[in-house]
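Take a look at the structure set out below.
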């Protein structure tokens with residue numbers, strides 16, 4: 001039987017799924033690694049930890065499946081990472097991830113001097129410290145000796161491919177999330193390179209997302225029990241492949257994903273940018289582009305609620321051997337939609353879309369003596385969805401109103417969250433059955449690249465559908481009242497975010 005492996009290199013976990021050519025899961029594996037946060041705003045990973053994780057999970061699915069022939073391996077990866085490589089092709093830095101905010105000063109300067117808007121209009125990457133553009137500018141100014149030693153500026157996936165094949169290549173999708181790639185010319189943007197004082201030779205060679213390579217180093221082929229002739233497809237970024245993996249590739253079909261972070265995305269046929277610079281535009285293929293907004297604060301907010309507000313329930317859950325999240329969901333279900341007027345802004349780690357403010361901080365608004373912890377957990381969940389809804393309002397300006405919503409991610413396992421999404425968005429929400437949407441998206445792109453399927457629409461027959469949630473009119477009437485208040489408060493607080501963030505940096509040890 002023929003098989004395809006999809007690999008998804010995530011921020012804290014790498015996953016691998018071995019599929020048959022009909023998209024059926026044959027074997028699955030994952031491996032986590034440490035996120036280093038030893039200094040304020042720092043978020044780094046060891047690139048060799050990621051390499052080891054990739055080899056480990058691929059080896060596990062090969063072992064579990066007993067597959068004797070793999071037709072290809074295709075990759076998905078988190079965006080915005082940056083690694084500096086020296087003249088000996090060794091890393092000068094760890095991988096600086098999207099969550100690292102140390103370049104905030106330099107992204108602020110780009111916004112303030114007007115240059116950022118011009119760069120965004122060519123690159124489709126919002127000006128934010130997440131982007132390698134800002135990170136390199138920060139390194140040039142604050143770590144000049146390190147900057148001068150850099151032979152190459154690459155990302156995590158490029159690092160993995162370099163170790164496996166000895167080449168520095170980056171796909172259009174990952175490149176379109178760097179802030180350095182002209183999405184209209186499909187080239188590194190010379191104006192940005194001049195600003196950063198780097199050359200095209202210091203960046204990877206650009207390739208299409210469907211490009212492939214074979215000739216993996218024999219030691220890795222032996223470890224994985226695969227042929228050195230096995231083609232590896234460069235693939236794309238995790239966000240756009242998640243859209244593919246849930247069949248959100250037709251105009252008007254919106255993918256909403258909440259894992260640790262989250263995103264709202266829609267596919268368009270050509271690159272477009274937002275006049276206000278608040279949406280990304282990243283490549284899936286040369287003819288399909290994904291427009292949307294990423295949020296920092298998804299499931300990580302629910303985790304904070306669990307850890308900081310519900311310690312007794314955590315103990316109970318451990319004793320009962322059930323999920324604390326399931327208990328909290330049951331608690332939240334007893335509170336009416338709108339949490340009796342308690343609002344929560346979920347900005348616990350700065351925010352990307354919709355406000356693009358690295359200094360943003362979270363807040364409860366409307367607290368009274370009548371509110372309980374149960375209200376707080378429901379308000380937190382609603383706040384996450386309110387934030388995603390505002391991202392959708394921005395997307396509507398460039399891509400029109402959504403026709404349907406496909407929901408994925410860890411939150412999609414919760415019936416309460418799915419209903420909240422339907423009620424707040426006032427749209428039916430479909431939950432695809434597809435397992436690990438970015439891995440499936442990678443595998444389908446690989447099948448297409450190698451000619452095993454004629455077009456990407458073949459994914460329709462692979463994802464299945466588990467459930468459809470329709471809006472509850474009583475609930476969305478409540479949310480219609482609260483959403484304008486939630487949005488106004490967000491705008492009113494925005495001038496204060498930097499002040500409180502500076503105070504916290506100054507006084508927090």
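Within the set 395, 424, the sole residue that is crowded, with 22+ Cβ neighbours inside 10 Å and out of contact with any helix residue (DSSP H, G or I) (no Cβ under 9 Å at 6 or more places or on another chain) turns out to be 395.
Take the conditions surrounded by 23 or more Cβ atoms within 10 Å (Cβ to Cβ) and without any contact (Cβ under 8 Å) to a residue 40 or more places away in the chain and apply them to residue 411. Does it pass? Spelling it out, it is not the case that residue 411 is surrounded by 23 or more Cβ atoms within 10 Å (Cβ to Cβ) and without any contact (Cβ under 8 Å) to a residue 40 or more places away in the chain.
Just for the stretch 144-176: of the residues that are touching a helix residue (DSSP H, G or I) at 6+ places or on another chain (Cβ under 8 Å) and in a loop (DSSP other than H, G, I, E, B), which one is nearest to residue 294 (Cα to Cα)? Can you show your working first?
The first filter runs over the stretch 144-176 and keeps only residues touching a helix residue (DSSP H, G or I) at 6+ places or on another chain (Cβ under 8 Å), leaving 146-147, 150-160, 163-164, 167-171, 173-174, 176.
From what's left, in a loop (DSSP other than H, G, I, E, B): 150-151, 155, 167-168, 176.
Working: 150: 29, 151: 31, 155: 19, 167: 30, 168: 27, 176: 14 Å.
Out of the qualifying residues, it is 176.
Could you list all residues from the stretch 236-266 that are under 30 Å from residue 304 (Cα atoms), in a loop (DSSP other than H, G, I, E, B) and over 14 Å from the mean Cα position of the chain (by Cα)? Across the stretch 236-266, the qualifying residue is only 246.
So which residues in the stretch 326-354 are assigned to a loop (DSSP other than H, G, I, E, B) and either outside the structural domain of residue 315 (by TED's automatic domain parsing) or under 29 Å from residue 473 (Cα atoms) (or both)? If you could, list the steps in order and put the result at the bottom.
If we filter the stretch 326-354 for residues that are assigned to a loop (DSSP other than H, G, I, E, B), which is where we start, we get 334-338, 342, 346-347, 349, 352-354.
If the condition is that a residue be assigned to a loop (DSSP other than H, G, I, E, B) and either outside the structural domain of residue 315 (by TED's automatic domain parsing) or under 29 Å from residue 473 (Cα atoms) (or both), then 334, 335, 336, 337, 338, 342, 346, 347, 353, 354 are the ones that fit.
(1) at pLDDT 95 or above; (2) within 25 Å of residue 398 (Cα to Cα); (3) in contact with a strand residue (DSSP E or B) (Cβ under 7 Å, 6 or more places away or on another chain): which one isn't true of residue 182, the others all being true? For residue 182, the failing item is (3).
Being touching a strand residue (DSSP E or B) at 6+ places or on another chain (Cβ under 7 Å) and over 28 Å from residue 52 (Cα atoms) holds for only one residue in 132, 144, 126, and it is 126. Considering the stretch 40-71, the residues that are in contact (Cβ under 8 Å) with a residue 24 or more places away in the chain, more than 29 Å from residue 457 (Cβ to Cβ) and assigned to a loop (DSSP other than H, G, I, E, B) include one that is farthest from the chain's Cα centre (by Cα), namely 40.
Here the stretch 14-36 is the region considered, the condition is being without any contact (Cβ under 8 Å) to a residue 24 or more places away in the chain and part of a strand (DSSP E or B), and the residue that is nearest to residue 241 (Cα to Cα) is 20. Yes or no: residue 198 buried (at least 24 other Cβ atoms within 10 Å of the Cβ) and closer than 20 Å to residue 89 by Cβ? No: the conditions fail for residue 198. Going through (1) farther than 22 Å from residue 489 by Cα; (2) touching a residue at least 60 places away in the same chain (Cβ under 8 Å); (3) surrounded by fewer than 19 Cβ atoms within 10 Å (Cβ to Cβ) one by one, residue 331 falls short only on (2). Here residue 466 meets the list (1) closer than 27 Å to residue 428 by Cα; (2) in a helix (DSSP H, G or I) almost entirely, failing just condition (2).
The values are calculated or read from the model by the stated rules, or taken from the named source; none is laboratory data. Worth saying up front: this structure is predicted, and the values here are computed from it rather than measured. Please note: Cβ atoms are built from the backbone with ideal geometry, for glycine as well, and neighbour counts cover all protein chains shown.
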